[in-house]
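Participant: Sharing a structure with you now.
The values are calculated or read from the model by the stated rules, or taken from the named source; none is laboratory data. Small disclaimer: the values here were computed from a predicted structure and weren't measured. Here the Cβ positions follow ideal geometry from the backbone for every residue, glycine too, while neighbour counts run over all protein chains shown. Just the protein is used for accessible areas: all its heavy atoms, side chains included, with ligands, DNA and RNA removed. Shrake-Rupley method; radii C 1.70, N 1.55, O 1.52, S 1.80 Å.
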Amino acid sequence: MTRKFPNRLLRALVTVLSLFAFTLSTHAAEPNHLTAAYPESLERIDGNWLVWRDGTRMVLDDGKGPKSFTAWLDDPDIKDMLLLPYPAGIGPAEPPPESDPGRARNKDFFDKMYGDCRKGEVKPKLVAIRWLPKKANQQLLVTAVNGVAKRLEAISDELDRLPREFDKYLAPAGGTYNCRLIAGTDRVSAHGYGIAIDIAVSPSDYWRWGGGASGRKSHPIAYRNRIPLEIVHIFERHGFIWGGRWYHYDTMHFEYRPELLPPMVPHEAQAPGPEK
């Protein structure tokens with residue numbers, strides 16, 4: 001006679017296996033990845049301090065110890081931003097529960113790097129780029145800090161050369177700069193720093209749109225994604241992480257976070273052919 005496992009045990013087993021596979025395929029970023037990713041702004045790591053080139057010092061570890069998922073999102077220190085490994089370049093993979101690498105953003109770090117949009121500090125640094133000039137020719141505003149605008153232009157050029165079957169996922173883009181709060185929070189969105197883009201909305205999925213997506217453990221979020229990985233990998237090669245790698249998924253969303261990724265391709269690199 002065979003026995004059926006209770007659903008909760010099956011879910012627990014799937015979660016453990018997912019976390020194990022996720023850990024094998026990734027590695028957490030280290031503080032020195034920050035200085036490598038932002039060499040124009042950051043000078044060095046000095047013990048528990050991140051030293052900026054203008055002499056500013058920021059604490060890496062706030063000493064509060066392990067945080068709940070909510071505290072990790074709402075009040076992360078700089079080390080918390082690097083805590084979860086981002087699975088760059090891998091194939092389809094459903095994120096483990098409460099695995100949202102890159103969603104934690106230390107406000108002081110990002111305000112200093114890009115400005116506080118609520119104080120009007122971001123707009124003077126924005127530049128206009130043409131998104132998919134051959135296919136859509138849409139104007140978007142992106143920050144020039146850290147070469148983000150140049151990176152997005154390089155991405156746009158690569159995406160513009162993809163076959164037509166990819167067009168519906170890319171245009172019209174949902175937007176870039178927008179000084180707004182993240183839905184359901186009091187935290188400024190990555191869009192408020194001019195470092196994020198939402199690609200086409202209609203073929204995208206967002207965790208809050210799904211039924212039962214409360215985010216509570218008693219109501220697991222059912223993962224959904226329709227964005228081809230060919231698109232994702234192009235963004236990742238240029239320093240952008242993808243919201244589709246999050247348990248609280250946002251598959252239209254990409255943001256510039258090179259500290260979580262392998263070294264980027266140079267601006268002038270030739271684009272590879274479409275992935276098979």
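Participant: Please indicate, with yes or no, whether at least one residue in the stretch 105-113 is more than 22 Å from GLU43 (Cβ to Cβ), open to solvent by 40 Å² or more (accessible area, probe 1.4 Å) and touching a helix residue (DSSP H, G or I) at 6+ places or on another chain (Cβ under 9 Å).
Facilitator: no
Participant: Going by the conditions given, is GLU94 within 30 Å of ASP167 (Cβ to Cβ) and under 19 Å from the mean Cα position of the chain (by Cα)?
Facilitator: In short, yes.
Participant: If you take the residues in the stretch 183-212 that are open to solvent by less than 70 Å² (accessible area, probe 1.4 Å) and hydroxyl-bearing (Ser, Thr, Tyr), which one is farthest from TRP242 (Cα to Cα)?
Facilitator: Ranking the candidates gives THR185 first.
Participant: Now for a different question. When you go through GLY89, GLY63 one by one, which is the residue that is open to solvent by 20 Å² or more (accessible area, probe 1.4 Å), over 19 Å from TYR247 (Cα atoms), among the small types (Gly, Ala, Ser) and part of a loop (DSSP other than H, G, I, E, B)?
Facilitator: Step by step, each of GLY89, GLY63 is checked, and only GLY63 is open to solvent by 20 Å² or more (accessible area, probe 1.4 Å), over 19 Å from TYR247 (Cα atoms), among the small types (Gly, Ala, Ser) and part of a loop (DSSP other than H, G, I, E, B).
Participant: Enumerate the pairs (first residue in the stretch 29-50 and touching a residue at least 60 places away in the same chain (Cβ under 8 Å) and assigned to a loop (DSSP other than H, G, I, E, B); second residue anywhere and open to solvent by 60 Å² or more (accessible area, probe 1.4 Å) and not polar (S, T, N, Q)) with beta-carbon separation below 9 Å, excluding pairs fewer than 6 apart on the same chain, so at least 6 apart or on different chains.
Facilitator: Note: pairs meeting the criteria are ALA29/LEU83; GLU40/ARG53; SER41/ARG53; SER41/ASP54; SER41/LYS112.
Participant: Also, I was wondering about something else. Check ALA93, ALA136, ALA154, ALA144 and return the single one that is within 29 Å of ASP186 (Cα to Cα) and small (Gly, Ala, Ser).
Facilitator: ALA144
Participant: Consider the stretch 139-182. How many of its residues are open to solvent by less than 50 Å² (accessible area, probe 1.4 Å) and at pLDDT below 95?
Facilitator: Selection size over the stretch 139-182: 1.
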